[in-house]
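Here's the structure, in structure tokens; my notes come after.
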Amino acid sequence: NRLQKIHVQLDDGDRRTLAYFQLTSPQYHALLHLHNAEQQGLTITQVADRLICTRGNATRLIKRLEGQGLVQIQGDESDRRVVRVTLTEEGANIFVIAHEAHLSSIKERFMALSDIDAHQLAALTKKLVDLLDWNLHG
């Protein structure tokens, strides 16, 4: 129950912060992964894998971002069957500003933690993520 409550509260804070940029949390995270992929971009399948969603959901999400002018979809030069998604200049600019606001919001929500508590929380959540990833991927 505690992890679910934490998730809901963090998601609510993220939603309020990202609404200013007219982004949902999944859209922001898609932009984050595309930003990290840099120039080569990602395929729809890679976006789906990183967001832990279906390919269909990822396609709809990317189409909405394309409609907002934040991403572009183009054929892969080496394999015509594959499409690649990359950030547009506007998408990159929006992401940088939204990312700074998102990080600031997170810092504000966790500022009451002591340095020791923050380090312990980071270590325990990393351990939990690693454990869950191992259980998911073997």
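The values are calculated or read from the model by the stated rules, or taken from the named source; none is laboratory data. Because the structure is predicted, anything quoted here is derived from the model rather than measured. All Cβ positions, even for glycine, are placed from backbone atoms using ideal geometry, and neighbour counts span all protein chains on display.
What do you reckon, is Thr24 of a type outside the set (Lys, Arg) and closer than 27 Å to Gln9 by Cβ?
yes
Kindly establish whether Thr125 is free of Cβ contacts under 8 Å to residues at least 60 places away in the same chain, under 26 Å from Gln40 (Cα atoms) and of a type in the set (S, T, N, Q).
Values: free of Cβ contacts under 8 Å to residues at least 60 places away in the same chain: yes; under 26 Å from Gln40 (Cα atoms): no; of a type in the set (S, T, N, Q): yes.
Against the criterion (free of Cβ contacts under 8 Å to residues at least 60 places away in the same chain, under 26 Å from Gln40 (Cα atoms) and of a type in the set (S, T, N, Q)), Thr125 does not qualify.
Any idea which of Asp133, Asp115 is surrounded by 10 or more Cβ atoms within 10 Å (Cβ to Cβ) and of a type in the set (Asp, Glu)?
It is Asp133.
Here is a list: Leu51, Leu32. Which entry is over 16 Å from Asn93 (Cα atoms) and at pLDDT 95 or above?
That would be Leu51, the only listed residue that is over 16 Å from Asn93 (Cα atoms) and at pLDDT 95 or above.
Among the residues of the stretch 107-122, count how many are within 16 Å of His7 (Cα to Cα) and either touching a residue at least 60 places away in the same chain (Cβ under 8 Å) or among the aliphatic types (A, V, I, L, M) (or both).
3
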